Each structure stands twice: as C-alpha cells, then as structure tokens.
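I have placed the structure first, in the form of structure tokens, so that the comments after it can refer back to it.
Throughout, read-outs are computed from the coordinates displayed, never taken from laboratory work. Bear in mind that the values here come from a model prediction, so they are computed numbers and not experimental data. Note that each Cβ is placed from the backbone with ideal geometry, even for glycine, and that neighbours are counted across all protein chains shown.
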C-alpha cells in the first residue's frame, strides 16, 4: 500500500486514486496554540499530520492538507487564550471550514474520510462540521466519516509504561510527556528539552470562570511536567497509535 499527499497529486492522479472504493482521505486538524517554552506553537497540527502520514500507508490513504487552526484554547486543557501566539477560530468558523472541506471531498467522489484531530478543544465543532457536511451532501451520499483524537488509541499497557508513577489524564497532559515525547520522535529539531519549566502538576478547581482566571495557569503554559519525555517513549506511542488507528480504519472502511 502507499501514502500520497493530496496537494502533491495532479487532478488526474487524484481522480484515478478515487476509483478505488476503499480509498480513504485523512484530514488532519490541529491548532496554533502555546505549548510551553519547549514546544512549538504548531504542535497540535504537526502531530495530527504526522500521525495521518504514518497511518496512511497502512490503508492506502491520501492525506489532505492540514487545518492548522483550531478552536479557542481553554485554561484547563490548553493554557488559555492569553498567551502570545495562540491564534484560534470561533467554533462556527471551524465547523464551517470542516463542513466545506468534507462537502468538497464528497463532490469529488470521496467515499471514506477520517478526520484526525490533535487538539482537544476541537471535538464538538468538528462533529458539527461533519453533521453539516452530511446534511449538505444529502442522504444518498455514500460518504462515511470517522472522527478521532489520536491519543484515544493509546493502549492501557502503553500508558502504564510511559507513566510508571501514574497517568495524570489527557487534559493535564498538554505540552507534557505525551506530546513532548511524540515531538521528540517526529520533530526532534523543534523540541527544546533544555527549556523545560519546573512547574508541578496543576490542581484546577471543578468549575470554570469567565473572564478566565489566568492566574490558575502557570506562566509557562505547561499543566504538568514533561520531565521523563523521551524519543523512545514517543516511538512506542506513535507505533501503538498508528497500529490501532489502521485497524479501526480497515474495520470501518475497507472491504473486499
């Protein structure tokens, strides 16, 4: 099987690929959001695209250009909107963008789409965009759509190996061990391990405030420590995630 980047194909080659009824288009979606002093603003989009590119050869997939902006960063899972560089979309904008792209893929004749998100806050606006696209395409459309967050494919045994002292939860893992390890695996040149902040695990109250209480969030933007992150842990997680996503895509989309 092969992997191809949609924007690198001619329209003729793209049309030819879509003659395969099992062809899957993977649409990575991320965000432009602070990830502490040691990771780049584009971490969510970079990892979503890297996962899509890793998965695609296993399903003969076509990787569409990444949506690099996401829904607004929230203090308790992304640090919040007050950090320079965090550049976010309104929910309606993200939903409309997702709808337009998926509807266009349907117009091309794409039957199978996997939306691969790397930003926690995107979830319900991607769902809305998918729902609107399906409504636009109509009930006769053969398109089927999978939406996923890549971290949900980490096996319990893998998490125990990565977090021998206990897993703090995905929300507090923002810019911490999972993302830092995976960035060390995929993009080591973009990681500054010498810049890791000393902040401990954040303890948020069980409610939110508007305007946001920015003092709840460490000035570094990191919600739990990335100490212990390694490229080897990143490789183990990337392999686990890609293997399990490939299995899910084959199960849902590939027949014959």
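Structure values in brief
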{"read-out": "Sorted by Cβ neighbour density within 10 Å, fewest at the top, the residues 151, 11", "value": "11, 151"}
{"read-out": "Peptides ranked, highest mean first, by Cβ atoms within 10 Å: ranges 44-56, 221-233, 69-81", "value": "44-56, 69-81, 221-233"}
{"read-out": "Simple label model, 7 Å out from Cα along Cβ direction - residue 7 to residue 108, nm", "value": "1.3"}
{"read-out": "Packing-based exposure ordering (other Cβ within 10 Å, fewest first) of 93, 158, 86, 98", "value": "93, 158, 86, 98"}
{"read-out": "The chain: angle of helix 91-108 to the longest principal axis, Cα-based, in degrees nearest 10", "value": "30"}
{"read-out": "Fewest-first sequence of 255, 174, 108, 38 by Cβ atoms within 10 Å of each Cβ", "value": "255, 108, 38, 174"}
{"read-out": "Mean residue ellipticity (222 nm) of the chain, computed from DSSP H runs ≥ 4 via -39,500 (n - 2.57), nearest 500", "value": "-12000 deg cm²/dmol"}
{"read-out": "Difference of contour (0.36 nm per residue) and Cα-Cα distance, residue 232 to residue 213", "value": "3.2 nm"}
{"read-out": "Rounded tilt (10° steps) of 43-55 against the dominant C-alpha axis of the chain", "value": "40"}
{"read-out": "On Cα atoms only, tilt of 123-137 relative to the major axis of the chain in degrees", "value": "10"}
